[in-house]
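Some notes on the structure that comes next.
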Amino acid sequence: MKHFVSALALSAAMATGAAAEDVTIGVSIPAATHGWAGGLNWHAEEAAKRLEAAHEGLDIVINAAGSATEQANALEDMVAVQQIDALVILPFESDPLTDPVRQVAESGAFITVVDRGLADPSIQNIYVAGDNVGFGRSAGEYMVDRLGGSGNVVAMRGIPTVIDDQRMQGFEEAIEGSGIELMAAEHANWSRDDAFEVMQDYLTRFPEIDAVWAADDDMAQGALEAIREAGREDEMFLVGGGGAAAVIRGVADGSETIPATVLYPPSMIATAMDLTVARFMSNGPVEGTFNLASPLITSDNAEAFYYADSPY
Amino acid sequence: MSDTTIAPKRPLRGLDWKMLGPLAALVLLLVIGAFLNDNFLSTANLLNILTRAAFIGIIAIGATFVISSGGIDLSVGSMAAFTAGMMIILMNWMLGMTDVIWLIVLAGIAAGALIGTSAGFINGLFITRGGIEAFIVTLGTMGIYRSLVTWLADGGTLSLDSDVRSLYRPVYYGDILGLPVPVILFALTALAGWVILNNTAFGRHVQSVGANEDVARYSAINTDRIKLYAYMIQGACVALATIVYVPRLGSASASTGVLWELEAIAAVIIGGTLLKGGYGRIGGTVAGALILTLIGNILNLTDLISNYLNGAVQGVIIIAAVFLQRGLSRKSS
């Protein structure tokens, strides 16, 4: 087995033209400033442990950056100090990080981009894409279906970003022409606290709400608290998104208040790391774009997406 | 407002623009809110606003002491998050040791009070004995507490066990004679803060240290001790706010209490306390906290303004409130 692995590593080294037999992979992701990013960091650490144990000579360096600038600095360090053979990056923002990633690619490293695409897709070797429009669409279609084509709905958006816009766009497209009225869509910044307050104000503002779409499970949980306090949990249901363990658990147990959420798994970083390692360890080609779906999670399939230990 | 009568410079006019400014802004916001939405003046909405204002309000009362003494505390938001995280970890851990839930809740509350006050003590110690600027010390502890809570939560969310939470819940959701508990605690803290700042030797010393530390020292005031106590009061206020906060969502994460320090400082300054120290106004701070909460509430209740501009509206109102307070008091004097 040992010979087999080192033989593969050797052929991989020859394939990339790198002199070293060992493979160093840099993983650059946003810091854990909200629940989903916390899950991202957790899954990255777990995947690194698993992959390093499975492949001798593999070294994975994870860096969590607090801003686009910090992330660009981290990329420079990865090339100069750690001399990475491959980079797995979830860019903070697409445009500002395109050139820093290009620099890394020019150093000869293999590039895997996750979730947010770069402004110039020709830089990347692998793109593991999340489907943000689908994220909103799945939630919207579920609501149309469940409400039977009419009803009053409120939405809770995240931090104003491209991701948030795409999700909202998908949701609006899905409910368009269905007879469902979207009464308001405020930003609750992917935060439980903000969602609690925004929901309280929705409850004050609208005497009748049939459903709430929270574009993140953390927000769904905050909103649920406000609905419970007002004693209106029989009036409406919530649809979340992201796939937080606590929400998936509730969905699996047949919750009436949050009967569904949409998968947008922070574990996509692990998928990307697996593919990148496969580039060095597998004898099959792994370049290209891998689209991850944003499927709806209901009580029928929730068990399959449940990770008890995930911090998100 | 009984403290309008002790305005030092304009006793004859009997008017205190420093107090009337924030009150005018408050009334204006209430009128705007009432026009925009019929439910705005409903009891439920007004109680929501008061309850929400309690967190920032209680913290801002502590900040009034620190700022009056010429200091600043940037660490309060992170301190609240760290205290909440430690309380949740302790209570969950105790669940394995004992079945007596009320004991667990009491221990959690006691630990919260101890951690918050100690954190304030540490800030004060570095500022007085260490001789480091308050801005730098609390900027440092702000980062430290924020990282610690992120680390404790593994980047995710710390959640309180549901059994403990159901017993603890009334501390946020309960009410006495129709008034929510957080509102009562906010009122009591404000009252205590007002008495201490205006009617005790300690309160006068806090303001003299803020006005001119050297003069205060020559007047035989132990300035280091006064400042240390001010930061401890701030810590205790953060602890109280956190004790009320934990049962609301039963969780703490890296995003808990983000920017609370700026909201608390804004509430204090809107209320008429001078940022450079020497002059504190508890009543104004309460009005300031209510103004900040009202802005968010009104923006959520209307579609008139694009969501993207919420921050701009807040900025305009903060500056306008302080202008009312300063601009008018300058003209009247």
Query raised in the report: Cα centroid distance between region B:260-308 and region A:51-88, in Å?
Result: 43 Å
Query raised in the report: Between A:Ser94 and A:Asp300, what length in nm is gained on full extension when 0.36 nm per residue of separation is reduced by their alpha carbon distance?
Result: 70.6 nm
Query - Shape box of chain A [Cα atoms, principal axes, largest first, Å] - result: 68, 38, 32
Query raised in the report: What Rg and what Dmax come out for region A:119-200 when only alpha-carbon atoms are used, in angstroms?
Result: 15.0, 46
Query raised in the report: Could you give the alpha-carbon Rg of region B:249-289 over 2.2 N^0.38 Å, rounded to two decimals?
Result: 1.43
Query raised in the report: So how many Å³ per residue does the convex hull of the Cα atoms of chain B work out to?
Result: 148 Å³
Report summary line: In whole angstrom, the spacing between the Cα centers of region A:204-269 and region B:124-203 equals 29 Å
Query raised in the report: For region A:62-208, what does the equivalent ellipsoid look like in terms of its semi-axes, each the square root of 5 times an eigenvalue of the Cα gyration tensor, given largest first in whole Å?
Result: 39, 17, 10
**Report entry** Cα gyration tensor, region B:110-159 - rounded (a/c under 1.5), prolate or oblate
**Finding:** oblate
Report task. Output ³J(HN,Hα) for region B:277-290: one whole-Hz value per residue in order, computed from phi by the Karplus curve 6.51 cos²θ - 1.76 cosθ + 1.60 with θ = phi - 60°, and x for Gly and Pro. Result -> x, x, 7, x, 9, 5, x, x, 4, 4, 4, x, 5, 5
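Largest first and in whole Å, what are the equivalent-ellipsoid semi-axes of region B:257-333 based on the Cα gyration tensor, each being the root of 5 times an eigenvalue?
24, 15, 10
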Report summary line: Among the Cα-Cα pairs of region B:151-280, the proportion with separation greater than 16 Å, in percent, is 72 percent
Query raised in the report: Rg and Dmax of region A:138-290, using alpha carbons, in Å: what are they?
Result: 17.4, 61
Query raised in the report: Quick one: helix A:162-175 against the long Cα principal axis of chain A, what's the angle to the nearest 10°, folded into 0 to 90?
Result: 50 degrees
Query raised in the report: Once the other residues with Cβ under 9 Å from the Cβ of B:Leu95 are scored (Lys, Arg +1; Asp, Glu -1), what is the net sum?
Result: -3
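With the alpha-carbon atoms as the only input, what is the per residue convex hull volume for region B:44-115 in Å³?
Working: hull volume 8.0 nm³, N = 72.
Cα convex hull per residue, to the nearest whole number: 111 Å³.
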Query raised in the report: Taking every pair of alpha-carbon atoms in region A:241-312, what share in percent sits in each 10 Å bin, from 0 to the bin with the longest distance?
Result: 20, 40, 24, 14, 2
Report summary line: Counting every C-alpha pair in region B:81-138, the percent lying more than 17 Å apart is 49 percent
Requested in this report: Please name whichever of B:Gly250, B:Leu301, B:Ala312 sits farthest to the positive end of the charge dipole of chain B, dipole taken about the Cα centre and charges placed at Cβ: Lys and Arg +1, Asp and Glu -1.
Outcome: B:Ala312
Query raised in the report: Using Cα-only point scatterers and the Debye equation, what is log10 of I(q)/I(0) for the protein assembly as shown at each q in 0.06, 0.07, 0.12 Å⁻¹, rounded to two decimals?
Result: -0.38, -0.51, -1.27
Query raised in the report: Using Cα atoms only, what is the angle between the long axis of helix A:268-281 and the major principal axis of chain A, expressed in degrees (0 to 90) to the nearest 10?
Result: 20 degrees
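Provide A:Ser191, A:Ser94 in ascending order of the number of other Cβ atoms located within 10 Å of each residue's Cβ, fewest first.
Final ranking by Cβ density, sparse to dense: A:Ser94, A:Ser191.
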Query - DSSP-loop GluC sites (Glu not before Pro) across region A:38-75, with at most 13 other Cβ within 10 angstrom - result: A:Glu56
Query raised in the report: How large, in Å, is region A:65-131 by the Kirkwood hydrodynamic radius built from its alpha-carbon pairs?
Result: 11.6 Å
Report summary line: Relative to chain A, whose Cα atoms define the longest principal axis, helix A:68-77 and its Cα axis are tilted in degrees, nearest 10, by 20 degrees
Report task. Project the alpha carbons of region B:85-181 onto their principal axes and report the range along each, largest first, in whole Å. Result -> 45, 36, 22
Query - Unit Cα scatterers, Debye sum, region A:185-237: log10 I(q)/I(0) for q = 0.16, 0.21, 0.24 Å⁻¹ - result: -0.36, -0.64, -0.85
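Taken together, the values in this text are just the output of simple stated rules run on the coordinates, not laboratory data. Since we're looking at a predicted model, the values are computed, not measured. Here the Cβ is made from the backbone with ideal geometry for all residues, glycine too, and neighbour counts use every protein chain on show.
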